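A.B. asks: Below are the structure tokens for one structure; questions will follow.
The values are calculated or read from the model by the stated rules, or taken from the named source; none is laboratory data. Being a predicted model, the structure only gives us computed values, none of them experimental. Here Cβ is always computed from backbone atoms with ideal geometry, including for glycine, and neighbour counts include all displayed protein chains. SASA here: full protein model, heavy atoms, side chains in, ligands and nucleic acids out. Shrake-Rupley method; radii C 1.70, N 1.55, O 1.52, S 1.80 Å.
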Amino acid sequence: MSFKGYNYNNISTLVKHVGFSKDVKSVNSKNGLTSRFCEIKEKVLIQNRNLFQLRFHNTDIKDIVNTISIIMSTETYCHFGRWRIGRDRISYTLKMPTDDYRRIQKGFSAELLSLRNQNKLRNYKKNPKYPWVFRCLTDLDDVIYSKGVRCLYFALTNKIQDSMHSYLIIKRWKSLTSLLAHIRRWRTVALDMNSGFMRGLITFLSSSKDKQVIFVSKKACQYMHNNFGCPFELPENRDKFHVVVQKGDDLTMNLFYDWLMTRPPEEAMSIFCDVYNDIPYKVSKKRKKNSLTSENQLDNEVLLYYKNVTSQGNAQSITMLDHLKTHSLLDLVYIIYHLKESTTWEKIHKEELYHVMCNIVRNGVAGKFTPIATTNKIGEPHKCHRQNDIFPIINLPNTIAEKLNKICIDYTKIF
């Protein structure tokens with residue numbers, strides 16, 4: 001359903017050329033696609049139809065068509081019946097519903113930056129990923145929120161999770177901030193490689209699309225047996241055991257984490273770390289190097305743009321509880337994307353961008369700030385852009401582009 005790879009078949013439907021389908025399928029997989037963020041040269045809101053009309057800077061129409069075809073194969077929530085490609089005396093334009101535009105900009109772009117094809121995303125080494133993921137996880141739109149979860153899941157496991165829009169799954173994921181607030185001293189535990197916290201987090205973020213085997217330690221088993229209300233059916237008199245959660249049984253997992261938040265914080269933390277599934281945490285006992293750009297490498301212009309974000313809107317009132325929850329979410333995302341040799345939260349290096357993000361949380365605009373990306377043009381220095389001013393473009397491989405050049409296509413009639 002979402003961003004597990006590239007589906008070339010849609011483009012043959014878009015150009016309405018039967019013979020081209022065979023050519024597309026014969027393309028060697030080594031001719032991979034490269035992704036980039038393209039500057040939006042013009043963005044016009046068509047209010048009476050609730051559409052955005054976009055005009056891109058220096059982008060080939062074939063790349064636009066290829067991007068649309070891949071989005072069609074992955075982003076099933078979009079209203080593609082209302083998408084239109086047009087042409088005037090200046091260049092080509094793309095029209096799409098405003099909701100689709102927002103979800104592509106915030107959710108799909110974060111995936112493009114964070115998921116498996118990240119080694120093909122050109123010229124974005126100075127773009128910290130965690131603000132993009134944090135922005136998704138603070139959005140009210142469930143589609144965008146689920147994109148943030150998938151980015152976290154990939155960072156933890158190196159596996160791409162299918163998109164899940166189930167109400168029960170989203171409900172559980174959105175209780176993460178409450179769970180972190182309940183177990184309180186989770187930061188130091190999360191940095192302990194032997195604590196099992198990350199394994200527990202993977203289990204929390206795993207969907208039940210497939211049958212899951214949940215393993216429980218002896219200590220956690222004793223806690224569960226001695227306290228009423230645990231929804232897992234636990235076997236008696238075993239040192240090690242497992243619980244099988246059937247495919248699609250989201251309710252049991254939700255009830256378990258709801259029950260967990262009724263237990264005392266220390267007990268809840270212990271159980272959370274000792275309940276895990278068979279999906280391994282990708283970081284071995286040898287701590288991985290910092291996956292973020294270090295502070296001295298982070299471009300000053302990028303920091304400046306993020307600082308300006310905090311002044312783009314007035315600070316909004318935020319309750320102490322909401323502040324603590326949102327700050328916990330920021331810290332969790334930061335730890336996942338910024339692991340070093342530190343073993344306590346107090347000792348972990350906090351780069352300047354992290355403090356800027358703390359200001360965003362403090363100002364109550366965490367669900368509204370705009371992530372920043374840098375774009376490179378050949379022979380020119382990089383340039384910073386707000387997320388709202390760029391659009392993800394996936395270039396058509398040269399092998400296919402050469403074959404397309406031999407076909408007469410009326411792009412204005414694609415939709």
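A.B. asks: Return the whole-Å distance between the Cα centroid of the stretch 37-81 and the Cα centroid of the stretch 206-265.
C.D. replies: 45 Å
A.B. asks: Sticking with this one: Would you please put 260-273, 212-225, 95-108 in order of how densely packed they are, using the mean number of other Cβ atoms within 10 angstrom per residue and starting with the highest?
C.D. replies: Averaged packing, sorted descending, gives the order 95-108, 260-273, 212-225.
A.B. asks: Could I ask something else about it? Please give the per residue accessible area of the stretch 39-154, computed with a probe of 1.4 Å over protein heavy atoms only, in Å².
C.D. replies: Values: 4580 Å² over 116 residues.
Counting only protein heavy atoms, the per-residue value for the stretch 39-154 is 40 Å².
A.B. asks: Ok, one more. So how far apart, in nm, are the two label points at N58 and F241 if each is 7 Å from Cα heading toward Cβ?
C.D. replies: 6.5 nm
A.B. asks: May I ask you to compute the full-extension gain from R386 to K43, defined as 0.36 nm times their residue separation minus their alpha-carbon distance, rounded to one decimal in nm?
C.D. replies: Taking 0.36 nm per residue and subtracting the Cα distance, the gain is 122.1 nm.
A.B. asks: Using a Förster radius of 22 Å, what is the FRET efficiency between R87 and T34 based on their Cβ-Cβ separation? Nearest 0.05, please. The partial results should precede the final answer.
C.D. replies: Numbers: r = 25 Å, r/R0 = 1.13.
Approximately 0.30, to the nearest 0.05.
A.B. asks: Can you compute the FRET efficiency between F215 and F80 using 1/(1 + (r/R0)^6), with r the Cβ-Cβ distance and R0 = 41 Å? Round to the nearest 0.05.
C.D. replies: Here the calculated transfer efficiency is 0.45.
A.B. asks: Right, something else. Cross-link partners among aspartates and glutamates for K147, C-alpha distance below 12 Å, same-chain residues fewer than 8 apart left out?
C.D. replies: By straight Cα distance, K147 reaches E75, E111, D139, D162.
A.B. asks: Any idea what the dipole of the stretch 129-196 comes to, in debye rounded to 20, about its Cα centre with Lys/Arg Cβ at +1 and Asp/Glu Cβ at -1?
C.D. replies: 180 debye
A.B. asks: Also, I was wondering about something else. Using 0.36 nm per residue, how much length does the chain from K171 to E301 gain when fully extended, once their Cα-Cα distance is taken away?
C.D. replies: Computed gain between K171 and E301 is 43.0 nm.
A.B. asks: Measuring from label point to label point, each 7 Å out along Cα→Cβ, what is the L255 to N405 span in nm?
C.D. replies: Taking the two extended label points, one gets 6.3 nm.
A.B. asks: Which parts of the stretch 178-200 would a label at N158 reach, counting a residue when its backbone N lies under 17 Å from a point 7 Å out along Cα-to-Cβ?
C.D. replies: Backbone N within reach: 199.
A.B. asks: Quote to one decimal, in nm, the extra length available between D322 and E352 on full extension: 0.36 nm per residue of separation minus the C-alpha distance between them.
C.D. replies: 8.5 nm
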